[in-house]
1. If you scan region 165-182, which residues turn out to be closer than 23 Å to A220 by Cβ, outside any loop (DSSP other than H, G, I, E, B) and touching a residue at least 24 places away in the same chain (Cβ under 8 Å)?
2. Residue check: is V84 among the β-branched types (V, I, T), out of contact with any helix residue (DSSP H, G or I) (no Cβ under 9 Å at 6 or more places or on another chain) and modelled with pLDDT of 95 or more?
3. Does A203 count as on the phi > 0 side of the Ramachandran plot, part of a loop (DSSP other than H, G, I, E, B) and of a type outside the set (V, I, T)?
4. Condition first: assigned to a helix (DSSP H, G or I), in contact with a Leu (Cβ under 7 Å, 6 or more places away or on another chain) and surrounded by 16 or more Cβ atoms within 10 Å (Cβ to Cβ). Now tell me which residues in region 143-159 satisfy that.
5. Based on this model, can you work out whether L162 counts as modelled with pLDDT under 95 and either of a type in the set (A, V, I, L, M, F, W, C) or part of a loop (DSSP other than H, G, I, E, B) (or both)?
6. Is it true that some residue in region 183-191 is in a loop (DSSP other than H, G, I, E, B), out of contact with any Phe, Trp or Tyr (no Cβ under 7 Å at 6 or more places or on another chain) and either of a type in the set (K, R) or closer than 22 Å to R144 by Cβ (or both)?
7. Take the conditions surrounded by 15 or more Cβ atoms within 10 Å (Cβ to Cβ), of a type outside the set (D, E, K, R) and outside any loop (DSSP other than H, G, I, E, B) and apply them to L124. Does it pass?
Amino acid sequence: MSEKKKRKATKERLERRFRAEATHTSKVAAGLGMAGSLALGAGVFGQWVAETPMRFAAALVTVGSVGLGAGLWLGSASTFPVLVGDSGIAIERGAELVRVLWCDIEEIRLQSGDLLISSRGITLSIPIGAHPKATPFIVAEADRRLPRIVKLSDADRRAIPLLKEPGGTEVPVRGDQVAGRRCAATQKIISFERDARLCPRCAQVYYKDAVPKECVTCGAEVAGQAVHA
């Protein structure tokens, strides 16, 4: 194999990593947090400050603590980083990476301020308010790679911020987990990641010796263009 072909076969796949907006807090989270704080404050006052302890002070402390904790949890739940690029869309939940390949996405739609990325096995929900840069980039990439999966009306598109620049930080793709998938051309199970070849447009997975001329999912040229997982 020539050096040029070798570099082409081992081309690094990239994606952009977007952090959530630090100022974003959902209305539900804010409401729970405020209600919890008020209940907790009233309970503490009634239990330990007032001359005559309130009858329901202990219950208020318990309910307030739960409400405040829930508000804090919900507030942080929408601040996960989002990754978008050559291998689809992923979200980071601490050390866990949940990824959906482009070829597995059935539809992208807007619902109650969240961009929903739906596949047969999982749906990712990405709040537009928390990710005003990631969400338009997702739509732009989907329009370019697999436009048929984008189920957005004109009104939906107007609700999504304009893509002025790619944004985010460019990083290498990780966490594909293609081993165990079936080759899209032969249905042969791919036992080892090194045996997998991916469509450069939609990341559809093929066995290294059964790469077709065109991708069965997006129609892109794959023969000679497929990349390593």
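The values are calculated or read from the model by the stated rules, or taken from the named source; none is laboratory data. All values reported here derive from a predicted model rather than from experimental measurement. Positions of Cβ are generated from backbone atoms using ideal geometry, with glycine treated the same way; all protein chains shown enter the neighbour counts.
1. Answer for region 165-182, where residues must be closer than 23 Å to A220 by Cβ, outside any loop (DSSP other than H, G, I, E, B) and touching a residue at least 24 places away in the same chain (Cβ under 8 Å): E170, P172.
2. Working: among the β-branched types (V, I, T): yes; out of contact with any helix residue (DSSP H, G or I) (no Cβ under 9 Å at 6 or more places or on another chain): no; modelled with pLDDT of 95 or more: yes.
Taking the combined requirement at face value, the residue does not satisfy it.
3. Judged against the criteria, A203 is a match.
4. Of all residues in region 143-159, those assigned to a helix (DSSP H, G or I) come to 143-145, 147-149, 154-159.
Applying the additional criterion that residues be in contact with a Leu (Cβ under 7 Å, 6 or more places away or on another chain) yields 156, 159.
Across region 143-159, the qualifying residue is only D156.
5. Details: modelled with pLDDT under 95: yes; either of a type in the set (A, V, I, L, M, F, W, C) or part of a loop (DSSP other than H, G, I, E, B) (or both): yes.
Yes; evaluated as a whole, the condition is true for this residue.
6. Restricting attention to region 183-191, the residues satisfying the condition of being in a loop (DSSP other than H, G, I, E, B) are 183-188, 190-191.
Narrowing the set further to residues that are out of contact with any Phe, Trp or Tyr (no Cβ under 7 Å at 6 or more places or on another chain) leaves 187, 191.
Narrowing further to those that are either of a type in the set (K, R) or closer than 22 Å to R144 by Cβ (or both): none.
Checked region 183-191: no residue is in a loop (DSSP other than H, G, I, E, B), out of contact with any Phe, Trp or Tyr (no Cβ under 7 Å at 6 or more places or on another chain) and either of a type in the set (K, R) or closer than 22 Å to R144 by Cβ (or both).
7. Values: surrounded by 15 or more Cβ atoms within 10 Å (Cβ to Cβ): yes; of a type outside the set (D, E, K, R): yes; outside any loop (DSSP other than H, G, I, E, B): yes.
Taking the combined requirement at face value, the residue satisfies it.
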